[in-house]
Amino acid sequence: MSGYLLVLGLAALPAAGNFAGGVLAETFRVSERTLSLALHLAAGIVLAVVGLELMPEALAADLPWVPLLAFVGGGAAFIGLDRAIGYVQARMGGGEKQGSALGIFSGVSLDLFSDGVMIGTGTVLNPALGLLLALGQVPADVPEGFAAIATMRRAGISRGRRVLLAAGFAVPIFLGATLGYFALRDAPEIVTLSVLALTGGALTAVVVEEMIGEAHEGETSRLGPIFLTAGFAIFGAISVYVGA
């Protein structure tokens, strides 16, 4: 049990970073241009998570075609997620912007879930590795939380619901950490790697279909591509220097 409590404590670090980003979005007035840049930065970070962490790990499998199929399955999972969001949107009577905000919320939740899986499985292998993974995710999760809550704010979602959703970001990372610690540690390696690839596919679809699309709604900035690549580079630096 002490090992599981350690996993939860480590998972709380990136969850806190994400929440801090949401608090910043609530504290400062966010222009459309600032939100667009924040979404580009967050999209670059998520793409780096997929390209530098999830897929290289998944493709190390003895049967790499299985995780590759799971990656495509992640795109199919996004379709189901998008339809579920549309259903919720219709039930809640929300507009198109609220549906887009919920899509970004779901994408950030998926990213946090994958963070939790990596922290949980990494801690099983070596607690020091789990600590490095958790610390490495904190600076990456701050802009994601900022972009998600700022998007909800622009969509007209009430402040009370925004605060609840910001706090709710802790749920997917704790679920992922629990799954990684209890279930995936005894599962065949191909299953664990396929779960990572499935998550990577869903994240890629969310970035392209939701984050980038939302980033180009309203006033944009020519600096968007720089923030996108900077986000990728920031996580790359974290992966190299913190995770080394």
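The values are calculated or read from the model by the stated rules, or taken from the named source; none is laboratory data. Source: prediction; values computed, not measured. When we count neighbours, we look across all protein chains shown, and the Cβ atoms used for this are built from the backbone with ideal geometry, even at glycine. In case anyone asks, the SASA skips ligands and DNA or RNA and just uses the protein heavy atoms, side chains included. Shrake-Rupley method; radii C 1.70, N 1.55, O 1.52, S 1.80 Å.
So, of the residues in region 164-184 that are more than 19 Å from VAL138 (Cα to Cα), open to solvent by 20 Å² or more (accessible area, probe 1.4 Å) and touching a residue at least 60 places away in the same chain (Cβ under 8 Å), which turns out to be nearest to the chain's Cα centre (by Cα)?
Step by step, filter region 164-184, then rank; the result is LEU179.
Would you confirm, using the coordinates I've provided, whether THR199 is more than 22 Å from LEU47 (Cα to Cα), in contact (Cβ under 8 Å) with a residue 60 or more places away in the chain, in contact with a Gly (Cβ under 8 Å, 6 or more places away or on another chain) and surrounded by 21 or more Cβ atoms within 10 Å (Cβ to Cβ)?
For THR199, the condition - more than 22 Å from LEU47 (Cα to Cα), in contact (Cβ under 8 Å) with a residue 60 or more places away in the chain, in contact with a Gly (Cβ under 8 Å, 6 or more places away or on another chain) and surrounded by 21 or more Cβ atoms within 10 Å (Cβ to Cβ) - is not met.
Which condition from (1) under 17 Å from ALA15 (Cα atoms); (2) at pLDDT below 80 is the one that GLU217 breaks?
GLU217 satisfies every listed condition except (1).
Would you tally the residues in region 60-75 being open to solvent by 60 Å² or more (accessible area, probe 1.4 Å) and of a type in the set (Gly, Ala, Ser)?
Of the residues in region 60-75, 1 are open to solvent by 60 Å² or more (accessible area, probe 1.4 Å) and of a type in the set (Gly, Ala, Ser).
Has region 5-24 got any residue that is of a type outside the set (D, E, K, R), over 24 Å from ALA237 (Cβ atoms) and in a loop (DSSP other than H, G, I, E, B)?
no
Test ALA38 against the criterion of being open to solvent by less than 20 Å² (accessible area, probe 1.4 Å), of a type outside the set (Asp, Glu) and assigned to a helix (DSSP H, G or I), and give yes or no.
Yes, satisfied.
If you go through region 108-137, how many residues are free of Cβ contacts under 8 Å to residues at least 60 places away in the same chain and open to solvent by 50 Å² or more (accessible area, probe 1.4 Å)?
Number of matching residues: 4.
Conditions tested, residue by residue: (1) at pLDDT 80 or above; (2) assigned to a helix (DSSP H, G or I); (3) over 27 Å from THR34 (Cβ atoms).
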{"residue": "ALA77", "(1), (2), (3)": "yes, yes, yes"}
{"residue": "GLY80", "(1), (2), (3)": "yes, yes, yes"}
{"residue": "THR121", "(1), (2), (3)": "no, yes, yes"}
{"residue": "PHE146", "(1), (2), (3)": "yes, yes, no"}
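Could you please give the count of residues in region 142-163 that are surrounded by fewer than 24 Cβ atoms within 10 Å (Cβ to Cβ), charged (D, E, K, R) and under 16 Å from MET211 (Cα atoms)?
Qualifying residue count, region 142-163: 2.
Suppose we filter VAL208, VAL240 for residues that are more than 22 Å from PRO139 (Cβ to Cβ) and part of a helix (DSSP H, G or I); which single one remains?
Numbers: VAL240 fails: more than 22 Å from PRO139 (Cβ to Cβ).
Exactly one of VAL208, VAL240 is more than 22 Å from PRO139 (Cβ to Cβ) and part of a helix (DSSP H, G or I), namely VAL208.
Please determine whether any residue of region 128-137 is closer than 21 Å to GLU210 by Cα and under 12 Å from the mean Cα position of the chain (by Cα).
no
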